[in-house]
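So the structure is just underneath, and the comments pick up after that.
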Amino acid sequence: MPTHTVLDFSRWQFAFTAAFHMTFPAITVGLSVFLCVIYALYMRTHDEMYLQIYRFWRRIFAVGFALGVVSGIVLTFQFGLNWGSYAHDVGPIIGVLIGMEVATAFFLEAGFIGIMLYGEGRVSQRITMFANTMVALGTLLSTTWIIDANSWMQTPAGFKRVNGQFEPTDWVNVIFNPSYLHRYFHMLFAALIAASWLVAGISAFYLARRRYPAFSRRTFSIALGLLAVLMPWQLFVGDNVGAVMSSYQPYKVFTWEGNYNSDNSGYNLLIIPDPQAGKDLFQITIPNFDALFGPHDLSGQAKVPGINTIPKDQRPNVYLLFWGFRVMFYGAITMLATAVVGVYLRMRRKLYTSRRYLRWVTWMTPIGVIAIIGGWIVAEAGRQPWVVYGQLLTGKAVSDLSTASVVFSFIAFVGLYLIMFSLWVGYVVRQVRRGPDPIEAEPSDVPSTPNGPRAPLAVPDANREHVGSGAPVSA
Amino acid sequence: MTANAWFAFVLFGLVAYVALDGYDLGIGTLAMARRRDEERFSLLEIVARVWDGNESWLLLVALGLWGGFPAMFGGFFPAIYIPAILMLFSFAARGVSIEMLSNAGRWRMGWGRMFMGGSLCAAFLQGVILGTFVQGVPLGPNAHFDGGTFDFLSGYTVLTGLTAVALYTLAGAAMVKMRSQENPLVASVRAQGRKLVVLAGGLVVLSAVLLRVAGASSLTLDQPFRVAVLVWMSVAAAAMFVTAWWSFGRTDHTNMAFVAILVAEVAGVLGLVAIVYPMILPPDLTIAEAASPSSTLIFLLAGFGLFVPLTAAYNLYAFWALRTRPGPPSLPRAPSTVQEVMPTPGGG
C-alpha cells in the first residue's frame, strides 16, 4: 500500500504542476482570440497599427503557448505516473475525454501555430488569418474537453462500476454532466478576462509612461471595453456555478462560506478557522449578505449550514477553500469595479490620461490569472476527499511508488518550475521593455503609409515614438 | 476486435511519434557536433516550427493507452516513474529553450545547451522506457504496479537508450538533407549520416540479439508466423539502412534517406509487435485484459477515426506551407527571421 507521504507528495505535486500549467492557458486562450480579432481588423482596415499590435502580442503568446504545451504533457503523464489506480479506474471515461482534447484541439493548435508564428512572408494574409482562427478554435476546444473531464469528476454521470472500473453507459450523460456547461462558460469567460487584464495592464504601463501612445491606446480601449462587457456576465455565470455546487457538492459550499455553526446569515469577509475545535477563532461578517449571495434570499434571513454538519472524514480543507474562494471573489469584485470606473472615465474622455487609473490598471495585470488559480483551488480542494466525487477516494487513487522517488520528483518540479516561471516573467518584462517593433516594408497589396486612413487615434507621434525607443530587431 | 483495432491505432500513433519527434530530437543531438553558432541556429530553425506538433503524437499515444487500455497505462507508467519524469524535465527544458532561441533570433550558448542536452536526454530516456517495456513489468493484483523504483535500470535498458539516441540522430541527419539545399553544412551532415547508419544499425542488431536474454521471461518465438514476420521485418530494416547509407552519399534523392529510415522504424515497431502480441505489457498483461469496455472503444474509434485524418491533412499542409521559400526580399520579415538551412553569417 502507498504510504501517506506518497499520497501527500503526489497531491502536492499534482496541485503545483496543475497551477503552473493553468497560468499559461489562462493567458493563451484569451490571447489567441485577441490576436485573431486584431488580425481580422488589420485585414479589414489595412491599418498597420493592428499589424504592430498583432506582432507584439504574438511574441508574448508564443512563449506562453510553448510553456502550456510542455506543462500540459507533464499533467497527462502524471495521471499514469502518480495516479496509476485512478488511471486504471477512470480511463474508460477520462482517458477518452482528454483524448478527444488531443484529437480535436491539440493537433489543431500544433498544426497551425507554426504557420501563425513563422508563416508571415511565406503564406498569404488569408492563410495567416485562417491559421489564427484555427489556433483560437483549438484553444477553445481544448477548454471544452478539459472542463468536461474535470466536471465529470465533480458531478459524475452516465456510468456504472464494473470491478471498480468506471464503464460509460451513456456518453451524452457523461459529456453533458450536470455541472459541465455552467463550468465551461465560467472558465471560458475567466480565460478571456485574464488575457484582457494582461493586455490592459501592459497598455496602461505604456500609457502611464507615454510610450507608444497610439499603439497602447488602441489595445487599452479594446481590453477595457471587453472587460466592461464580460465582468458582469462572469459574476452571473459564477453565481450559477455556486448554485449547481450547492445541490451536488453542498460540503464544498458550506466550507467556502466558512461557518462552523449553522446560525450565520452574514457573509464572512475574513475568518481564522480552528478546524480541530470546530469553530472560527476570528471572523468579520457583513450581516445578512450571505443569505443574499448564497441561497439568494432577499430577506437576508436564510442561513447556510455550517461545517460542523459535515461528517469529520469528509471535510475539505477550510483554509484552502475559504481563502481560494475569497481570492477569486474579491478579485472579481475588484475587476468589476475597475472596469466600471473605466467606462466612466471613457465617457469623461479621461481613459488614456488619468495617471492614477493607469497606474492602478498596471497593477491589475496578473489579477485574472490569480483569480483563476483561486477558483481552481476551490474546485479541486473542495472535492476532497474524493477524486471522483462520491465514487473514488483520492487515497485509493494513488500509485504505489517509493516515498523517495515522489519526494525527489516533487522537489525537482518545484525547482524547475520556479526557474521556468521566473524565466518566463523575465521574458515578458523584456518584451514589454523592448516594446512593439516598428513596421517596415509591407506587401504591395497594403497601403504603405504607417497609419491607415481609418486610424484617427494613430496621431503623428505614432511614427516618432519608434525612433530610438524600439530596440533594433536582431538580424 | 475493437480492442485490436484500437491497438493498431495506438501503434500508428507510436510510429507517427517516432517518425516525427525522432528526427526532431535527433537534430538537437546533431547540433552538438556543429562548431559554428550559425550552423547550430539553422539546425534549430528546422525544429522550431514543428516541435510542439511532433510532441503532440506522444500525447496521442499516452491518451490512446489511457482511454483504450487503462490497465496498461496505470500499470506501466508507475514502473517508469524516474525515466518518465526525467524525460518530462528534458521536454520542458527543451521546449522553453527552443522558443527562447527562436525569439532571440540567434544562437545563445546557455539556451543552446538546454536545447541540445534536453534533446539528448529525452531520446536516451525514451530508449530506456522502450527497453523497460520489452524487458517486462510484472504487475500485482488488479493490474497495479507493485515493483521497485529502479527495476527499469539494467544494462539492457542503457543499451536501448543509446540505440534510440543513435537512431534519432540518424533520422535528424536525414531530415536535414531532406529540408535543405546542398551546402557545406548539409554535405558535412551527410557524411555524419553515413557513420550514423553504421552506428545505429550496429546498436539495433545488438539490442535485437540481446533481447533473447533480457526479455527471456516474457517473450516467445514459438510460432512460425512470428518468426516469419520478424525475419521479414529484419530484412526490410536492413535493406532500408543500406538505402539510407547509399542516399547519404549523394546530393540528389533528397527524400530517400528519410523515407528509408521511416520504413525501417515501421519495420522495427512491427517486428516488436510480432514478438510481444497479444501482450500489451509483457510478461502478463494481454490486450484483451487491459482493454476498456466496448462502449469506450467504439467512442474512441469513431472520434479519432473522424479527427485523425484531418489532423494528418493539416499537419502535412503546415509542413508544406512553411517549406516554400520566402518570397522576394521586400516582404516583411517574420519576428524570428526563418531562413532555409544555410550557414550564411547574416542568416539568423
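Just so you know, all these numbers are worked out from the coordinates, no wet-lab data involved. Quick caveat, the model's predicted, so the values are computed rather than measured. Every residue, glycine among them, receives a Cβ derived from its backbone with ideal geometry; neighbour counts consider all protein chains shown.
Principal axes first, then extents: for the Cα atoms of the range B:85-141, list largest minus smallest coordinate on each axis, whole Å, largest first.
Sorted largest first, the three principal extents are 52, 18, 13 Å.
Modelling each spin label as a point 7 Å along the Cα-to-Cβ direction, I'd like the B:Arg36/B:Leu306 distance in nm, to one decimal.
About 5.2 nm separates the two model spin labels.
Compute the angle between helix B:37-48 and the longest alpha-carbon principal axis of chain B, please, reported from 0 to 90 degrees and rounded to the nearest 10.
Value to nearest ten degrees: 50.
If a/c stays under 1.5 just call it rounded; otherwise compare a/b with b/c (prolate if a/b is bigger, oblate if not). Do that for the range A:237-363, with a ≥ b ≥ c from the square roots of the Cα gyration tensor eigenvalues.
Since a/c reaches 1.5 and a/b is larger than b/c, the shape of the range A:237-363 is classed as prolate.
Between B:Ile298 and A:Arg433, what is the label-point separation in nm under the 7 Å Cα-to-beta-carbon projection?
Reported label-point gap for A:Arg433 and B:Ile298 is 6.1 nm.
Quick one, can you get me the convex hull of the C-alpha atoms of the range A:122-234 expressed as volume per residue in Å³?
Numbers: hull volume 18.4 nm³, N = 113.
Residue-normalised Cα hull volume stands at 163 Å³.
Given points 7 Å out from each Cα along the Cα-Cβ axis, report the A:Leu393 to A:Phe289 separation in nanometres with one decimal.
A separation of 3.8 nm, rounded to one decimal place.
Averaged across the residues of B:102-108, what count of C-beta atoms belonging to other chains lies within 10 Å of each residue's C-beta? Don't jump to the answer; show the numbers that get you there.
Values: counts 5, 9, 2, 3, 2, 0, 0.
Mean partner-chain Cβ count within 10 Å for B:102-108: 3.
Along its three principal axes, how long is the range B:62-192 when you only count alpha carbons? Whole Å, largest extent first please.
Principal axes ranked by extent give 58, 30, 28 Å for the Cα atoms.
Among A:His186, B:His144, what is the fewest-to-most ranking by other Cβ atoms within 10 Å?
Taking fewest neighbouring Cβ atoms as first place, the list is B:His144, A:His186.
Span-like helices, chain A: DSSP H, alpha-carbon axial extent 30 Å or more, mean Kyte-Doolittle 0.5 or greater, which ones?
Helices meeting the criterion: A:4-45, A:48-81, A:180-208, A:213-248, A:318-347, A:403-434.
Note down the Stokes-Einstein diffusion coefficient of the range A:262-305 in µm²/s, whole number, using a Kirkwood radius over alpha carbon pairs, 20 °C, and 1.002 mPa s.
For these conditions, the coefficient is 201 µm²/s.
Please tell me the relative contact order of the range B:2-296 in percent, rounded to the nearest whole number, where contacts are Cα pairs under 8 Å and at least six residues apart.
24 percent
Where does each of A:Ile193, A:Ile411, A:Ile271 land when they are ranked from fewest to most other beta-carbon atoms within 10 angstrom?
Values: A:Ile193 28, A:Ile411 12, A:Ile271 21.
Arranged by neighbour count, lowest to highest, A:Ile193, A:Ile411, A:Ile271 become A:Ile411, A:Ile271, A:Ile193.
How large is ³J(HN,Hα) for each residue in the range B:132-137, as worked out from phi by the Karplus curve 6.51 cos²θ - 1.76 cosθ + 1.60 (θ = phi - 60°), to whole Hz, x for Gly and Pro?
4, 4, 6, 5, x, 10
Normalising by the residue count of chain A, find the relative contact order in percent from Cα pairs under 8 Å and 6+ residues apart.
Working: 687 pairs, mean separation 103.1, N = 475.
Contact order relative to length: 22 percent.
Tilt of helix B:70-79 relative to the longest C-alpha principal axis of chain B, in degrees (0 to 90, nearest 10)?
Rounded to the nearest ten degrees, it is 70.
In peptide B:293-306, how many Cβ atoms from other protein chains are near each Cβ within 10 Å, on average? Spell out each step's value before the answer.
On the way: counts 8, 2, 11, 11, 2, 2, 10, 6, 0, 0, 6, 6, 1, 2.
Shielding by partners across B:293-306 averages 5.
How are the Cα pair distances of the range A:10-84 distributed, in percent, across 10 Å bins from 0?
Bin by bin from 0 Å, the calculated values are 19, 36, 22, 14, 7, 1.
Looking only at Cα atoms, what is the convex hull volume of the range B:28-87 per residue, in Å³? Walk me through the intermediate numbers first.
On the way: hull volume 5.4 nm³, N = 60.
Normalising the Cα hull of the range B:28-87 by residue number yields 89 Å³.
Most exposed first by the Cβ proxy, i.e. fewest other Cβ within 10 Å, how do A:Val406, A:Val172 rank?
Neighbour counts put them in this order, fewest first: A:Val172, A:Val406.
Give the calculated FRET efficiency between B:Arg108 and A:Val414 to the nearest 0.05, with a Förster radius of 25 Å applied to their Cβ-Cβ distance.
0.45
For chain B, report the translational diffusion coefficient in µm²/s to the nearest whole number, using Stokes-Einstein at 37 °C, 0.692 mPa s, and a Kirkwood Rh over Cα pairs.
The estimated diffusion coefficient comes to 156 µm²/s.
What length, rounded to one decimal in nm, is gained on full extension from A:Arg210 through to A:Met1, with 0.36 nm per residue of separation minus their alpha-carbon distance?
69.0 nm
With a 10 Å radius around each residue's Cβ, average the other Cβ atoms per peptide and rank A:42-54, A:66-78, highest first.
Packing order, densest peptide first, comes out as A:66-78, A:42-54.
Quick check: from the Cα gyration tensor, does the range B:252-311 come out rounded (a/c under 1.5), prolate or oblate?
Taking the square roots of the gyration eigenvalues as a ≥ b ≥ c, the range B:252-311 is oblate.
Output the pairs from A:Lys312/A:Lys396; A:Lys160/A:Lys396; A:Lys160/A:Lys303; A:Lys252/A:Lys279 with a Cα-Cα distance over 28 Å in this structure; if there are none, say none.
Check vs 28 Å cut-off fails for A:Lys160/A:Lys303.
Evaluate Rg over Rh across chain A, taking Cα atoms for both radii and Kirkwood's formula for Rh.
1.00
Determine the percent antiparallel among the DSSP beta bridges restricted to the protein assembly as shown, to the nearest 5.
Roughly 95 percent of the beta bridges in the protein assembly as shown run antiparallel, per DSSP.
Can you work out the base-10 log of I(q)/I(0) for the protein assembly as shown at q = 0.05, 0.07, 0.10 1/Å, using the Debye formula on its C-alpha atoms alone?
-0.28, -0.56, -1.11
Taking each residue of A:58-66 in turn, how many C-beta atoms of other protein chains fall within 10 Å of its C-beta, and what is the average?
If you average over the peptide's residues, the count of other-chain Cβ atoms is 4.
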